[in-house]
Amino acid sequence: MTAATLPARERGLHLRAVSTIVVAVLSVAGAAALWAIGMQSVDLASMTDLGLISVLPQVAMAGPILLTLSFIAIVAAGPYRGWLLALHVVALIVMLFATPVIVEEAPRFNVAWRHVGIAEVLMRTGEVDPSIDAYFSWPGFFMLSAFLTEITGLDSGLDLISWAPVVFNLLYLPPLLLVFRAASADWRVVWLAVWIFYITNWIGQDYYSPQAFAYFLYLVILGVLLTWFARSPRPVWPIPQRWFTPPEPVEPAPITPVQRAALIATIVLFFVAIAVSHQLTPFAVLGVVGALVVLRRIVPTGLPIVMGVIVGTWLSYMTISYLQGNLREMIDRIGSVDQTVAANLTDRFTGSAEHILVLTVRSASTLVLWSVAAVGVLRRRFGGDRDFTWAFLAAAPFVLFVLQEYGGEILLRIYIFSLPFMSLLAANGLVGYRFGRRPLTILAVGVFCVGMLMAFFVSRYGNERMDLVTAEEAAGMERLYEVAPADSVLVAVSDNVFWRFKDYELYHYDVFNDEVLEVGSAGILVRMREDAAERPAFLVLSRSQRAAMELRFGYSARAWDELVAELEADPDLERVFANEDVQIYELNAPRGGS
């Protein structure tokens, strides 16, 4: 039967459905076109301390906004069209996370370059040496990186890192759907939670890193457990049964005993991969899975024990070099909440006025998300859902806050580990347990999503002036390893420098940030002479270091120019290379034994 032969009412519904799909697809295409057009006129040289948002044309920002409004319209209109919603989400991922790839000349983020250097050591030497530094005590991701570089025939792992955020975020989508489907019977809530996850995932831990890889496995483990090993809760004392009663019985997806065994083996294998790749993620997994077991929400109650044995075994036998030098300090920091608060919050609010504004936007958007999630807990409760499981899972990662400051980043990691559950609860906060079609509900969703989308570009790319690397800077850093012989001391005035991407273990590195802030160029020369000893020493100045000093410490452009002039005039330094964004100086002062 064709559309023409259908009864009038059914023909009208059919035409309406077709027109909805056509308009939605055209909206996606139009949003992508606006974004692509805007990418052609980005002037990175004009970027301010607000980051990428300061140079993104309005037409480029119109693309993601149009896409968001189209997505909300499709969700509100119904019926369920998974492929159309998935198309919107994929387009969103590309617009949010591919923007730097399109407009920048080289792979961004100096830590990603360092990860490439670690993988290069494994490829060149064929062995893992934990004595080099802490990264080699958790080599899983770097071994995978080395493998991918070799099988793809690439000259350098740098060719892998540009698109890593896009790839990782696409990988996150399937397990996220599994997790959210286990928490809500309404597909509208599920897809809205997915959308919220991506527009609030500003942390930037999805770059080419062990954290991004381990986070994907974290989501897969949760998705598998909540889909195929879930059960109706039977909480143990003293947790009241009434606190964990879903409005509908929990029925895990049907599987055979062989499939069940295969899934359990996969979970254990993935956890092993996490344990050998990242220091923190195993404990986040252990905490969330342990919470599910205590709440009697999953069948395999012995999993936390198995996971604990895996982590303990790895730490006991494979991280000895790291623990010998850091165990006492790690133990001393447990429970030091005041130090953790200072390192993660108060100490970070420094730098230029625009940078502080970026930090304020990050804090405000985080508080908004968590506040809406708290409303979601209440709306679920008063909407007839007494199941507090998802609130407990959202809160579980916060236990990490009392364990370690994690280099001033523990709050960022807590945010990302709790984000799936916070996103789900935020969706409930906006629409309740089930998505209604009331105009005020749809308006609230639109205002929240567009607002968080705008905050995303400020929060995610607020440091872009120092996170990007220009072609000139990349060429200068390549030149560093040509002019500096192996065993040299390489010195920078900021840790935001794009080095260590090759010959990682063959050089000695130092950063003189404090000396520059306190005494200027004189402090650099004193420390260089101390570090040089019997070795050649080279000082590297770069555009990214200057940007970091200005953003993070409020170091003025005039102060930087004066610093460079003083170094240029010093007779003990000889400039051996210079281009627009990099200057390299060799210390000519006599070394011991000469």
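Would you confirm, using the coordinates I've provided, whether Arg380 is out of contact with any strand residue (DSSP E or B) (no Cβ under 6 Å at 6 or more places or on another chain), over 26 Å from Glu104 (Cα atoms), among the charged types (D, E, K, R) and crowded, with 21+ Cβ neighbours inside 10 Å? Yes. With over 19 Å from the mean Cα position of the chain (by Cα) and at negative phi as the only criterion, which of Ala62, Ala112, Ala98 stands out? Matching residue, one of Ala62, Ala112, Ala98: Ala62. When the stretch 523-558 is filtered for residues that are over 25 Å from the mean Cα position of the chain (by Cα) and open to solvent by 60 Å² or more (accessible area, probe 1.4 Å), the ones remaining, listed by number, are Val526, Arg529, Glu530, Glu534, Arg535, Arg558. Restricted to the stretch 477-504, and to residues there that are in contact with a helix residue (DSSP H, G or I) (Cβ under 9 Å, 6 or more places away or on another chain) and among the charged types (D, E, K, R), the residue that is farthest from Arg543 (Cα to Cα) is Asp487. Would you check if Leu56 is among the aliphatic types (A, V, I, L, M), under 23 Å from Trp163 (Cα atoms) and not in a helix (DSSP H, G or I)? Considered against the rule, which asks whether it is among the aliphatic types (A, V, I, L, M), under 23 Å from Trp163 (Cα atoms) and not in a helix (DSSP H, G or I), Leu56 comes out as yes.
Among the criteria (1) under 17 Å from the mean Cα position of the chain (by Cα); (2) outside any helix (DSSP H, G or I), the one Val194 does not fulfil is (2).
Pairs meeting the criteria (first residue in the stretch 105-133 and within 21 Å of Gln545 (Cβ to Cβ) and among the charged types (D, E, K, R), second residue part of a loop (DSSP other than H, G, I, E, B) and open to solvent by 20 Å² or more (accessible area, probe 1.4 Å), beta carbons under 7 Å, at least 6 apart or on different chains) are Glu105/Thr470; Arg114/Arg500. Specify which of the listed residues (Ser184, Ser232) is hydroxyl-bearing (Ser, Thr, Tyr), more than 20 Å from the chain's Cα centre (by Cα), open to solvent by less than 30 Å² (accessible area, probe 1.4 Å) and modelled with pLDDT under 90. Just one listed residue meets the conditions, Ser184. The condition of being open to solvent by less than 10 Å² (accessible area, probe 1.4 Å) and either closer than 22 Å to Leu144 by Cβ or modelled with pLDDT of 75 or more (or both) holds for only one of Gly223, Gly204, that being Gly223. Can you name every residue in the stretch 423-455 that is closer than 15 Å to Val75 by Cβ, open to solvent by less than 40 Å² (accessible area, probe 1.4 Å) and not hydrophobic (A, V, I, L, M, F, W, C)? Ser423, Asn428, Gly432, Gly436, Thr441, Gly446, listed by residue number.
Cβ-Cβ contacts under 7 Å between residues 6 or more apart (or on different chains), taken from a first residue in the stretch 475-490 that is of a type in the set (S, T, N, Q) to a second residue that is open to solvent by 10 Å² or more (accessible area, probe 1.4 Å), are listed as Ser488/Tyr507; Ser488/Arg535; Ser488/Pro536.
Candidates Pro100, Pro130: the one that is in contact with a helix residue (DSSP H, G or I) (Cβ under 8 Å, 6 or more places away or on another chain), open to solvent by 20 Å² or more (accessible area, probe 1.4 Å) and modelled with pLDDT under 95 is Pro130. Of everything listed in (1) open to solvent by 50 Å² or more (accessible area, probe 1.4 Å); (2) touching a residue at least 24 places away in the same chain (Cβ under 8 Å), the single unmet condition for Val28 is (1). In summary, Arg479 fulfils each of the numbered conditions (1) farther than 24 Å from Trp191 by Cα; (2) crowded, with 21+ Cβ neighbours inside 10 Å with the single exception of condition (2).
At least 2 residues being among the polar types (S, T, N, Q) is the threshold, and among the helices (runs of 4 or more DSSP H) wholly inside the stretch 511-589 those reaching it are 543-553. Name every residue in the stretch 141-165 that is surrounded by 20 or more Cβ atoms within 10 Å (Cβ to Cβ) and under 17 Å from His278 (Cα atoms), in order of residue number. Answer for the stretch 141-165, where residues must be surrounded by 20 or more Cβ atoms within 10 Å (Cβ to Cβ) and under 17 Å from His278 (Cα atoms): Phe141, Phe142, Ser145, Ala146. In a residue-by-residue description of the stretch 303-313, the property of being open to solvent by 50 Å² or more (accessible area, probe 1.4 Å) and at pLDDT below 70 applies to no position.
May I ask you to list the residues in the stretch 77-97 that are open to solvent by 10 Å² or more (accessible area, probe 1.4 Å), hydrophobic (A, V, I, L, M, F, W, C) and either modelled with pLDDT of 95 or more or in contact with a helix residue (DSSP H, G or I) (Cβ under 8 Å, 6 or more places away or on another chain) (or both)? Once the filter is applied, which keeps residues that are open to solvent by 10 Å² or more (accessible area, probe 1.4 Å), hydrophobic (A, V, I, L, M, F, W, C) and either modelled with pLDDT of 95 or more or in contact with a helix residue (DSSP H, G or I) (Cβ under 8 Å, 6 or more places away or on another chain) (or both), the stretch 77-97 yields Ala77, Ala86, Leu87, Val90, Ala91, Val94.
The values are calculated or read from the model by the stated rules, or taken from the named source; none is laboratory data. Everything numeric here is computed off the predicted structure, so don't read it as measured data. All Cβ positions, glycine included, derive from the backbone under ideal geometry; neighbour counts span all protein chains shown. Accessible surface is based on the protein model in full, side chains and every heavy atom, while ligands, DNA and RNA are left aside. Shrake-Rupley method; radii C 1.70, N 1.55, O 1.52, S 1.80 Å.
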